[in-house]
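The structure appears right after this line, and notes come after that.
The values are calculated or read from the model by the stated rules, or taken from the named source; none is laboratory data. The structure presented is a predicted model; accordingly, all values stated were derived computationally and were not measured. As a convention, Cβ positions derive from the backbone with ideal geometry for all residues, glycine included, and neighbour counts pool all protein chains shown. Ligands, DNA and RNA are excluded from the accessible area calculation, which covers all protein heavy atoms including side chains. Shrake-Rupley method; radii C 1.70, N 1.55, O 1.52, S 1.80 Å.
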Amino acid sequence: MERDMNYLTFALAKGRLAKKAMELLESIGITCEEMKDPSSRKLIFVNEDLKLKFFLAKAPDVPTYVEYGAADIGVVGKDTIMEEDRRNYEVLNLGFGACRMCVCGPAEAEELLKHHEMIRVATKYPHIAKDYFYNRKLQTVDIIKLNGSIELAPIVGLSDVIVDIVETGSTLRENGLVVLEEICDLSARMIVNQVSMRMESERINELIGKIKEIL
Ligand code: PRP
């Protein structure tokens, strides 16, 4: 697979982050009209004038595309970056998509955490959960990987607690759960392929500079 030197390629995490990322890029004069058509099934979009390409990918795949150089630049959440642990440069905190990674559960679970009991932790982020409990809290836990609607797990008795993203807190509230411990703050980040950062340093640094100015 050859690196396309003429274009800078962006991999954007599908959904809200991609939308916000395109708004941010528009404010520095980078647009991609063909990406705005909601009925389109196209996967890759090109701005011929600026020699830019954009594609949307599932969030956990964005750091992978960037590590292998299939994209020079990625926009993805810090949660995904931590979970995937790929060799990329994280160059910018874009600010949007702000939320927190937390240990949550029913209020009673607080005692289980305090006494370092062997508990079950359900999460979409097994790597983050493992690092937090094993390396930071020195607590042995049983981690159960789920793929969504994590809040269900303690409600139906699959786990004692969950490790998940809390944004407004309304999912927790509406399901009788609370934040028990905070792991870290999250937001969207810009990541760059390590080779691209050297080979395309001029274009990439100019882009980073322009974004920094408006943040
Ligand atoms: C995320 C997260 C929580 C919720 C938090 O889920 O996993 O469930 O949003 O937001 P809140 O604090 O504003 O309620 P998402 O909707 O992305 O879907 P998922 O549960 O299927 O992962």
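Annotation: amide H-H contacts under 5 Å for L56 (H modelled 1.01 Å from N, sequence separation of 5 or more, or interchain): L12. Couplings 3J(HN,Hα) of segment 204-209, computed from phi: 5, 5, 5, 4, 4, x Hz, in residue order, whole Hz [Karplus 6.51 cos²θ - 1.76 cosθ + 1.60, θ = phi - 60°; x for Gly and Pro]. Between L94 and A188, R189, M190, the built amide H atoms are under 5 Å apart, and every one of these is 5 or more places off in sequence or on another chain. Backbone geometry of segment 71-84 corresponds, through the Karplus equation with coefficients 6.51, -1.76 and 1.60 at θ = phi - 60°, to 3J(HN,Hα) couplings of 10, 7, 10, x, 10, 7, x, 4, 4, 5, 4, 5, 5, 7 Hz, x marking Gly and Pro.
Highest-first packing order for the peptide set 16-25, 133-142 is 16-25, 133-142, based on the mean count of other beta carbon atoms within 10 Å.
Treating each Cα of the chain as one equal point scatterer and applying the Debye formula with no solvent, the log10 of I(q)/I(0) at q = 0.10, 0.15, 0.16, 0.17 Å⁻¹ comes out as -0.51, -0.95, -1.02, -1.10.
Between E111 and K137, the FRET efficiency estimated from the beta carbon spacing at R0 = 25 angstrom works out to 0.95. Counting only alpha carbon atoms, the long axis of helix 16-26 and the longest principal axis of the chain meet at about 30°. Taking a straight line from the alpha carbon of K78, these lysines sit under 20 Å away, with near neighbours fewer than eight places off in the same chain left out: K14, K19, K20, K58, K124, K130, K145, K212. The share of accessible area on segment 99-186 that comes from carbon and sulfur is 48 percent, using a 1.4 angstrom probe.
Go through segment 102-208 and name the GluC sites (Glu not before Pro) that are in a DSSP coil and have 12 or fewer other Cβ atoms within 10 Å of their Cβ. Don't skip to the answer; put the middle values down first.
Working: sites: E108, E110, E111, E117, E151, E167, E174, E181, E182, E200, E202, E206; in loops: E108, E117, E151, E167, E200.
Counting only loop positions with at most 12 other Cβ atoms within 10 Å, the GluC sites (Glu not before Pro) in segment 102-208 are E108, E167.
Using a simple spin-label model with pseudo-atoms 7 Å out from Cα toward Cβ, Y7 and L152 lie 3.8 nm apart. The string of couplings for segment 142-157 from the Karplus curve (6.51, -1.76, 1.60, θ = phi - 60°) is 9, 9, 10, 7, 10, 10, x, 6, 4, 4, 4, 3, x, 6, 9, x Hz, one whole number per residue in order, with x for Gly and Pro. For the chain, relative contact order (Cα pairs under 8 Å, six or more residues apart, normalised by length) works out to 27 percent.
A 1.4 Å probe, protein heavy atoms only, puts the accessible area of S159 near 10 Å². Annotation: peptides 55-68, 73-86, ranked by per-residue average of other Cβ atoms within 10 Å with the highest first, follow the order 73-86, 55-68. In the context of the full set of protein chains, residues of segment 99-186 present 53 Å² of accessible surface per residue (probe radius 1.4 Å, heavy atoms only). Amide H to amide H distances under 5 Å link V178 with G105, A107, where only residues 5 or more positions off or on other chains count and H is placed in the peptide plane.
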